[in-house]
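Report on one structure; see the data block that follows.
The values are calculated or read from the model by the stated rules, or taken from the named source; none is laboratory data. Quick caveat: nothing in here was measured; it's all calculated off a predicted structure. Cβ sites come from the backbone with ideal geometry, for glycine too, and all protein chains shown count toward neighbours. We work out accessible area using only protein heavy atoms, side chains counted, and drop any ligands, DNA or RNA first. Shrake-Rupley method; radii C 1.70, N 1.55, O 1.52, S 1.80 Å.
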Amino acid sequence: MTQSIENVLHEHRRYAPPAEYAARVRWTRDAYDRAYARSLQDPDGFWSDIARELHWFRAPTQALDWQPPHAQWFADGTTNIAYNALDRHLPTRGDARAIVWEGEDGTQRTLTYHELHAQVCQLANALTRLGVHAGDRVTLYLPLIPEAAIAMLACARIGAVHSVVFGGFSASALCERIKDAGSKVLITADGGLRRGSTVNLKASADEALKGTPDIEHVIVVNRTGQAVPMQAGRDLWWDDLLRDASAEHAPAELNSEHPLFILYTSGSTGKPKGVLHTTGGYMVGTYLTTQAVFELGPDDLYWCTADVGWVTGHSYVVYGPLLNGASVFLYEGAPNHPDWSRFWAMIERHRVTVLYTAPTAIRSFMRAGDAFVQRHDLSSLRLLGSVGEPINPEAWVWYHDVVGGGHCPVVDTWWQTETGGIMLTTLPGAHDAKPGSAGLPMFGVDPAIMTRTGQELGPDEGGFLVLKRPWPSMLRTVYGDDDRYQQSYWSEIPGVYFAGDGARRDAEGYVTVIGRIDDVLNVSGHRLGTMELESALVAHPSVAEAAVVGRPDDVKGEGIVAFVTLQSGATATADDVRAHVAREIGAIARPDEIRFADALPKTRSGKIMRRFLRQIAAGQAISGDTSTLEDPAVLERLQQAPAQ
Ligand code: WT7
């Protein structure tokens, strides 16, 4: 990371929007400047106008009601996000493609807006018949198949709150999330396909359900056709439910602040946070940011490669694009199956026009070699996006030159699960891009770089990234723990939203996000809390203590290094410990390196000094004051401990 920060600091290249691109867009430099200025000067007028582009059963009379740190947006309006994402387009785009899907095994399916609407209505009716009411929670644990989008939209249509759990999470992670949300229905699949093998989702779900008595029904999508046990009375096949359900459904008229979804993400403590988003503000925010950044038209086939288990999949696979009536491409599997040309083959096959993916993927493709890309005709592409972690200038330029053939603008979008939608980016037809820098604030976003004590810093000074005002798609609370909401986001620096990232801003206002400043790692664009990893480690019967730190990784951004002490007399191999963490959380949490030690570096008061562990993990010399350590000799022993 230090290396890439250096690179960003010395990066002076800039890429202007291609002239023919800039000439075609709605969001020109001028349009952005005017809209951005208005969004800060007259937020009520600005947001009310954007809201009017969508359908409300009862139109809101006011945009924001701000009782810090609690915001309500369009509070007296009523609407339905699924209606806006589907029904609104039927007269004009009913036969247009809503979803084009390719399974890892090459299976293809297309759903028009009419077809997607019909299936969402059928599932909405089926859920209602199963006793799911507005406000009830439904957990989704699915592969990346059209049913994932259908299930989210069906929940939204009846006002049930969805909680999507990434299919790569373990049974115990699923169990914890079902319990926290208090879900009464689980929607899963028999299995999914990943890198040529099946992921046994139903088996994992069954395991999780042993600890979750509140689940009344499990709806199972038949994806792989593998044999799975079905518990009579509890488990139902998706196809059976839909066969008997009507394709007519009147969408629920929901208050703007009706909860839309919970999405768990890692924070500084061991327990993931259930980030809660609500209906109207999230709808307006994802609608506008998708429109401004991607400007999707009838000829576009847009592909955001995120899984629906992450916020990117919520906002920029499902809601944002469908609210804009776009055609969305979905791919179920791994980027390297059967080899590293899979993405490029699909872009050629389906004539994908916009690609939105993560730096980790870009760096993996770069490492695999240009030949995989060059073998394919990517002339359909017009715009490239990056999201989820800092992108190093080398990867940015490779993406631009090799994937984009030098003619596609690249947008680097900074945002978070909590922000609901894109906060910082350049607009492809409006702004020069600077590799490594996310760019300028989206409408209504008022960023600043501050010191710990809330002093605003000047150009090029590094500090904490904060947002000075509320925005429509912001999280409303941490589900079931409003104290944590207030503490984590609005108390670190009182009065402003604390993002947890370090950043700096140049004289032109471009913000460069360096990375997390809290105990959160970003591994391949996935957020993992060090405490969460440590709790998983110490749950291993042989482990006494554990401390986890990140270390720079050329492909994943950050790698996980775990320092572990064992119970006296106990033994465990590094592989045992790794497998245990994968079972506790999921494969994405598997430590890259384990270092067994006889002790961890602690202060006399017992606090682990992670700063030194980070230096050791990165292979650097120890620097800084070691005198507060109870036993400074521990550091030397840790440096010598073999990395396994
Ligand atoms: C964290 C949020 C954005 C949705 C997917 C991840 C990092 C995200 C960027 C970017 C530098 C970025 C930040 C942020 N991050 N985008 N363009 N440049 N860093 O959502 O899992 O909630 O993670 O991802 O550290 O805080 P998330």
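Observations on the structure shown:
- The set of residues from the range 51-71 being in a strand (DSSP E or B), hydrophobic (A, V, I, L, M, F, W, C) and open to solvent by 50 Å² or more (accessible area, probe 1.4 Å) comprises just one member, Trp66.
- Matching strands (runs of 3 or more DSSP E) fully within the range 263-382 where at least 2 residues are closer than 17 Å to Ser524 by Cβ and within 16 Å of the ligand (Cβ to nearest atom): 354-357
- Qualifying residue in the range 522-531 (condition: away from the ligand (no atom under 13 Å from the Cβ), within 26 Å of Glu176 (Cβ to Cβ) and crowded, with 18+ Cβ neighbours inside 10 Å): yes
- Of the listed requirements (1) away from the ligand (no atom under 16 Å from the Cβ); (2) touching a Gly at 6+ places or on another chain (Cβ under 6 Å); (3) assigned to a strand (DSSP E or B), Thr188 misses just one: (2).
- The residue that is farthest from Ser524 (Cα to Cα), among those in the range 553-605 that are in a strand (DSSP E or B) and touching a Ser or Thr at 6+ places or on another chain (Cβ under 7 Å), is Thr603.
- For the condition among the acidic types (Asp, Glu), surrounded by 20 or more Cβ atoms within 10 Å (Cβ to Cβ), part of a helix (DSSP H, G or I) and in contact with a helix residue (DSSP H, G or I) (Cβ under 8 Å, 6 or more places away or on another chain), Glu176 does not qualify.
- Leading residue by the ranking (nearest to Gly515 (Cα to Cα)) among those in the range 401-415 that are within 15 Å of the ligand (Cβ to nearest atom) and either open to solvent by less than 10 Å² (accessible area, probe 1.4 Å) or assigned to a helix (DSSP H, G or I) (or both): Thr413
- Restricting attention to the range 455-511, the residues being of a type in the set (S, T, N, Q), more than 25 Å from Met283 (Cα to Cα) and either within 16 Å of the ligand (Cβ to nearest atom) or open to solvent by 60 Å² or more (accessible area, probe 1.4 Å) (or both) number 2.
- Number of positions in the range 532-545 that are surrounded by fewer than 21 Cβ atoms within 10 Å (Cβ to Cβ) and either near the ligand (Cβ under 9 Å from one of its atoms) or of a type outside the set (A, V, I, L, M) (or both): 4
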